[in-house]
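Everything below concerns the one structure shown next.
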Amino acid sequence: MTREGELLWQPDEAWTAQARITQFMHWLASERDRTCRSYDELLEWSVTDLDGFWSAFADWAQVRWHAQPSAALADAAMPGARWFPSGRLNYAEHLLFPPGAAVDPDATAVLFAREDGLTRTSSWADLRREVAAVRSWLQSQGVGAGDRVAALLPNCTEALVAMLATASLGAVWSSCSPDFGARAIADRFTQIEPLVLFTVDGYRYGGKTFDIRPTVTALRAELPALKATVLLRYLHPDGDGGAGPELGDTVPWTDVLATAGALEFAPMPFHAPLWILYSSGTTGLPKPIVHGHGGILLEHMKQLALHLDLGSGDRFFWFSTTGWMMWNLLVSGLAVGSAIVLYDGSPTHPAPDALWRLAEQLRITAFGVSAPYLQACMKADLHPGRDLDLSVLRSVGSTGAPLPPEGFAWVYAEVKRDVMLSSLSGGTDVCTAFVGGAPVLPVHAGEIPARLLGCAVEAYDAAGRCVVGAVGELVITAPMPSMPVMFWNDADGSRLREAYFDTFPGVWRHGDWIKFTDRGSCVIYGRSDSTLNRGGVRMGTSEFYRVVDEHPDVEDSLVIDTSAAGAEGRLLLFVVLRAGVDVEAVAADLKQRIRGQLSPRHVPDAITAIAEVPRTLNGKKCEVPVKRILAGVPIERAVSQGALKNPAAMEPFLALARTRG
């Protein structure tokens with residue numbers, strides 16, 4: 001087992017010298033008389049002088065202001081921080097005309113690939129032309145600043161074009177992946193009352209086709225403000241494929257693209273709504289989280305240029321759907337001059353190495369996936385570095401869950417020895433990461449290298465004191481530009497305050513356990529509301545999964561501590577086993593591993609085989625909803641079924657709750 005903290009990669013002098021963050025530090029010295037000799041010095045300045053850091057970064061990144069702001073940070077209160085007052089800009093303008101990057105209009109901007117082999121390449125000129133057409137069509141429908149545009153689209157070029165056209169007008173974008181269930185989609189879009197809906201007729205996944213026309217029909221009936229529906233024939237481009245009248249009265253995507261019009265950009269206040277993302281909605285309706293034009297632009301440009309080291313000449317990929325915030329970060333790669341790679345389909349179709357083959361085929365330089373995907377590659381005994389040409393690959397990104405030390409080691413052993421592995425953690429709430437890597441920092445197994453620039457992240461104990469070397473609540477003690485502008489339909493801000501600021505007033509509580517090391521790196525231990533607390537020994541679920549999921553016969557797992565209100569309950573382990581393996585054959589070995597590698601107190605009281613671990617639509621394990629169900633909470637109060645990837649996966653837990661009565 002790889003030891004946590006083991007040094008796996010150190011950037012050499014050439015790597016460090018060429019990094020964009022190094023260029024930024026040189027610029028600070030010459031243009032701002034601010035000398036930072038190390039990342040730690042730069043970080044310290046960035047969180048103690050937020051006004052100075054963000055105004056300097058905006059200048060270095062050459063943000064295009066239609067009206068100059070009077071300051072970077074006029075009010076640092078949380079919630080309610082006031083960033084760049086009086087400034088006017090437009091997010092879409094920066095993606096289509098990346099500042100500081102002299103892109104050839106005929107050069108590749110977007111590469112699209114679908115699991116069935118369909119590919120498409122778009123130049124910067126293509127992208128601009130299509131955005132101008134869609135923008136003009138939206139204007140013809142009366143869409144303007146502040147109006148909402150919704151999309152039920154896969155991760156394809158058309159989704160990007162529609163989003164940029166919406167943002168160019170100052171209208172507000174919101175998207176769901178077409179694999180969301182009908183109720184989940186309606187729970188999101190009915191809250192925001194869109195004027196226009198972009199949709200497909202269906203999608204492909206894992207070699208199968210899925211017709212969503214009935215879903216679209218039902219959705220439209222619940223959106224009374226809807227003026228128009230644009231239909232992209234994704235499954236049947238040359239005909240309706242048997243489509244019935246239920247999708248009548250739609251505008252073909254091809255007609256929208258034929259609209260004549262100029263490409264212009266509405267000057268928007270820094271805090272003007274850009275898009276609406278959604279919380280997982282495991283209990284109640286998903287929270288509609290509104291982010292602003294300026295905050296997202298600056299935060300994403302900082303993350304992509306300084307931390308992921310992206311710029312002109314890069315090809316940036318992150319496996320995502322349009323329903324996850326990583327899609328929003330991915331498309332922002334255009335703002336730093338990178339070409340972006342959009343992939344639609346299963347990451348393991350037609351084979352487990354499908355995404356690595358995509359990296360070879362499209363010459364991807366920055367490759368991002370989820371931590372569970374990297375662990376699945378490790379279990380599948382893949383050897384992408386040996387079997388494929390990944391010579392241009394410079395970085396591998398991991399997020400969505402904690403990556404255990406063995407996952408780090410696998411990347412360096414089986415992908416590439418000289419590559420920057422960036423393990424990130426953040427959230428939909430801020431649409432970015434607040435801890436992650438940097439091209440001038442070493443990579444240690446199981447550790448996220450540092451707080452990101454401008455992110456005042458700490459670990460708090462129960463009394464609200466900063467701790468180092470101990471697990472605490474992940475908090476943010478100073479504002480970030482990409483914190484939510486508001487929640488939609490939350491006029492007095494009460495829902496937003498309750499979500500983040502009720503525990504520690506004036507401090508953002510994120511809901512994760514985190515531990516910082518003496519050198520500034522950190523480890524995430526999972527959600528703080530699903531802690532395993534046995535006899536006073538507290539443990540994050542990620543530590544538990546690391547041991548259990550390493551077993552060769554375990555494909556997935558879920559651990560639940562039923563303790564509540566100070567009374568210790570039972571510790572229950574649920575496992576998805578390799579085909580043909582009986583739970584009795586592995587239970588004793590699992591208990592022995594847990595006893596020896598974790599603690600005797602964390603040996604499960606029961607180990608049960610299940611067919612599938614219940615997950616949210618974005619792939620998060622449903623630890624808290626399952627705990628509620630096992631405590632006797634009715635399912636309609638414990639979890640919103642529309643938030644689940646497969647509601648049937650809850651059945652074993654409902655049955656167990658009934659037997660416990």
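The values are calculated or read from the model by the stated rules, or taken from the named source; none is laboratory data. Worth saying up front: this structure is predicted, and the values here are computed from it rather than measured. Glycine gets a Cβ as well: all are built from the backbone with ideal geometry, and neighbour counts include every protein chain shown. With ligands, DNA and RNA removed, areas are computed over all heavy atoms of the protein, side chains included. Shrake-Rupley method; radii C 1.70, N 1.55, O 1.52, S 1.80 Å.
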At what distance in angstrom do the alpha carbon centres of segment 150-212 and segment 1-74 lie from each other?
35 Å
What is the distance in Å between the Cα centres of segment 574-601 and segment 451-465?
35 Å
Return a whole-number percent for the relative contact order of segment 21-130, with Cα pairs under 8 Å and 6 or more residues apart as the contact set.
15 percent
Heads up, segment 1-158 by the C-alpha gyration tensor (a ≥ b ≥ c square roots of eigenvalues; a/c under 1.5 rounded, else a/b over b/c prolate, else oblate) looks oblate
Tell me the accessible surface of T16 in square angstrom (1.4 angstrom probe, heavy atoms of protein chains only), to the nearest ten.
40 Å²
Could you work out how far the C-alpha centroid of segment 518-533 sits from that of segment 336-384, in angstrom?
27 Å
Segment 394-488: trypsin sites (Lys or Arg not before Pro) falling in loop per DSSP and having at most 14 other Cβ within 10 Å:
R417, R465
Probe 1.4 Å, protein heavy atoms only - accessible area per residue of the chain in square angstrom:
37 Å²
Within the chain, longest stretch free of exposed GluC sites (Glu not before Pro) [DSSP loop, at most 15 other beta carbons within 10 Å]:
265-567
Row for the chain, column shape: gyration tensor on C-alpha, a ≥ b ≥ c, rounded if a/c < 1.5 i.e. under 1.5, prolate if a/b over b/c, else oblate; value rounded
From DSSP H assignment alone, runs of 4+ in the chain each adding -39500 (n - 2.57), the sum over residues rounded to the nearest 500 puts [θ] at 222 nm at -8500 deg cm²/dmol
Net lengthening on full extension, Q10/D605 (0.36 nm per residue, minus Cα-Cα):
209.9 nm
Pick out, in residue order, every one of the chymotrypsin sites (Phe, Trp or Tyr not before Pro) in segment 347-387 that is DSSP loop and has at most 12 other C-beta atoms within 10 Å; say none if there are none.
none
Roughly how many Å² of S391 are accessible to a 1.4 Å probe, to the nearest 10?
70 Å²
So, relative contact order of the chain in percent, Cα under 8 Å, 6 or more apart, is 13 percent
Between rounded, prolate and oblate, where does segment 331-417 land on the alpha carbon gyration tensor, with a ≥ b ≥ c its root eigenvalues, rounded for a/c under 1.5, else prolate if a/b exceeds b/c?
rounded
For the chain, what % of the accessible area comes from carbon and sulfur atoms, probe 1.4 Å?
49 percent
Value of relative contact order over segment 461-519, rounded to a whole percent, pairs C-alpha under 8 Å and six or more apart
50 percent
